Structure formats: structure tokens, C-alpha cells
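This report refers to the structure that appears directly beneath it.
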């Protein structure tokens with residue numbers, strides 16, 4: 001007759017053995033990923049982040065779109081000024097860098113250039129601008145007056161991108177002095193679409209006789 005303790009120990013060992021065998025048979029031997037209820041394998045997904053970038057080209061294009069265009073002189077001279085600023089006679093009006101009328105050419109009197117006050121100070125000889133004192137002042141080319149350095153001094157209304165200012169009444173014309181002997185014309189510089197440091201009023205006055 002067997003001892004009861006031995007029977008209990010044998011029973012426990014048998015139970016442990018059966019449990020171990022059961023675990024080994026239910027374990028997935030191929031180590032395949034778990035599947036969802038519809039049979040499609042569930043693939044683990046790594047978290048992703050979205051980073052918005054802006055290239056230097058995009059930044060440059062955006063900056064260029066916000067940069068206003070320059071408004072000094074037009075590349076062509078088809079842009080007319082304000083209708084109220086157009087001369088009511090045959091005179092050719094000159095405007096300075098602020099769009100203010102400073103002088104004009106009297107086309108009916110030997111192309112004499114008068115200041116707006118009526119003082120005669122220069123005249124046209126072809127494209128050359130000479131003072132009554134004989135000095136060569138500059139050139140009148142394509143609607144713009146240029147100095148000896150090639151910078152713009154004044155221009156007609158159609159040479160401006162923006163409308164010029166309203167013209168005031170012109171002063172009475174003074175008598176023209178005798179023309180002094182002309183000095184030689186210097187070589188033409190390369191004309192530049194930038195304003196001269198010399199104001200238009202001083203430029204034309206430099207040709208007036210004493």
C-alpha cells in the first residue's frame with residue numbers, strides 16, 4: 001500500500017507537466033505578428049511629424065512680391081502726366097525730381113529756356129543746352145535733361161512714372177540777353193536714370209548772363 005503523501009506529490013507533478021505541455025502547444029511557433037479580427041496583419045506604425053519648410057527661393061519670391069517698384073523715371077516715355085499738369089500752350093515744361101515745374105522751352109522763340117519766373121537762362125542747340133553766358137550746361141535727350149556726369153536734372157511730364165504737380169502761373173518773360181560765344185561741347189557721357197545732385201533751378205541758372 002502506497003503512502004498518501006507520495007500519491008499527492010505524483011498528482012502535483014502530473015498537473016505541472018500537463019500545464020507545461022499545454023503552453024508549448026498553444027505558443028505561436030512562427031512568431032508571426034498578431035492579426036486583427038478580419039485576418040489582416042496589424043503592422044506597427046511609427047509616429048510621424050509634419051514640418052513645413054520654406055526655401056530661400058520662396059522667401060525671395062515673397063519678398064520681391066512685397067517690394068514696391070521704383071517711381072523715378074519710366075523706361076519709355078509713353079506714360080502721360082496728370083491732365084491738369086499738361087501745358088496749355090506750345091511750351092515744353094521741365095519738372096525737377098519732386099515733380100515741380102521749374103523751367104520751360106519757348107518753342108516760338110529760338111528754343112529759349114526760361115525759368116518759371118520768366119528769366120531767360122539757356123537755349124537749345126540740337127540736343128545741347130547752352131547758357132546765354134556761353135557755357136555748355138548739358139543735353140536734352142528723349143524728354144530728359146542730363147548734366148555733364150550723365151545724371152538726370154529735369155524731365156518733361158511724360159518721362160515720369162507718377163503724375164507731376166500742378167503747374168503755377170508763369171511769370172512775365174524778361175528780355176533775352178545777347179548770346180555769348182559758345183564753348184566746345186564735351187563728349188556725351190553714358191546717360192543714367194538717376195537724379196543729379198544739382199537741383200534743376202541751379203542747373204539752369206548757371207547759364208544765365210550776369
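The values are calculated or read from the model by the stated rules, or taken from the named source; none is laboratory data. Note that the structure is predicted; figures quoted are calculated from it, not measured. All Cβ positions, glycine included, derive from the backbone under ideal geometry; neighbour counts span all protein chains shown.
Determine if segment 145-161 includes at least one residue that is part of a loop (DSSP other than H, G, I, E, B), out of contact with any strand residue (DSSP E or B) (no Cβ under 9 Å at 6 or more places or on another chain) and closer than 15 Å to residue 93 by Cα. Checked segment 145-161: no residue is part of a loop (DSSP other than H, G, I, E, B), out of contact with any strand residue (DSSP E or B) (no Cβ under 9 Å at 6 or more places or on another chain) and closer than 15 Å to residue 93 by Cα.
Annotation: residue 125 fulfils all but one of (1) closer than 23 Å to residue 90 by Cβ; (2) crowded, with 17+ Cβ neighbours inside 10 Å; (3) over 33 Å from the mean Cα position of the chain (by Cα); the unmet one is (2). Is it fair to say residue 135 is surrounded by 14 or more Cβ atoms within 10 Å (Cβ to Cβ), more than 14 Å from residue 104 (Cα to Cα), over 34 Å from the mean Cα position of the chain (by Cα) and in contact (Cβ under 8 Å) with a residue 60 or more places away in the chain? Criteria met by residue 135.
Filtering 100, 71 for residues that are within 29 Å of the chain's Cα centre (by Cα), at pLDDT 95 or above and either closer than 22 Å to residue 209 by Cβ or surrounded by fewer than 21 Cβ atoms within 10 Å (Cβ to Cβ) (or both) leaves a single hit, 100.
For segment 162-191, filtering for residues that are surrounded by fewer than 13 Cβ atoms within 10 Å (Cβ to Cβ) and farther than 15 Å from residue 208 by Cβ leaves 11.
Looking only at segment 180-210, filter to residues that are farther than 15 Å from residue 102 by Cα and out of contact with any strand residue (DSSP E or B) (no Cβ under 9 Å at 6 or more places or on another chain); which one of those is modelled with the lowest pLDDT? The extreme case among them is 210.
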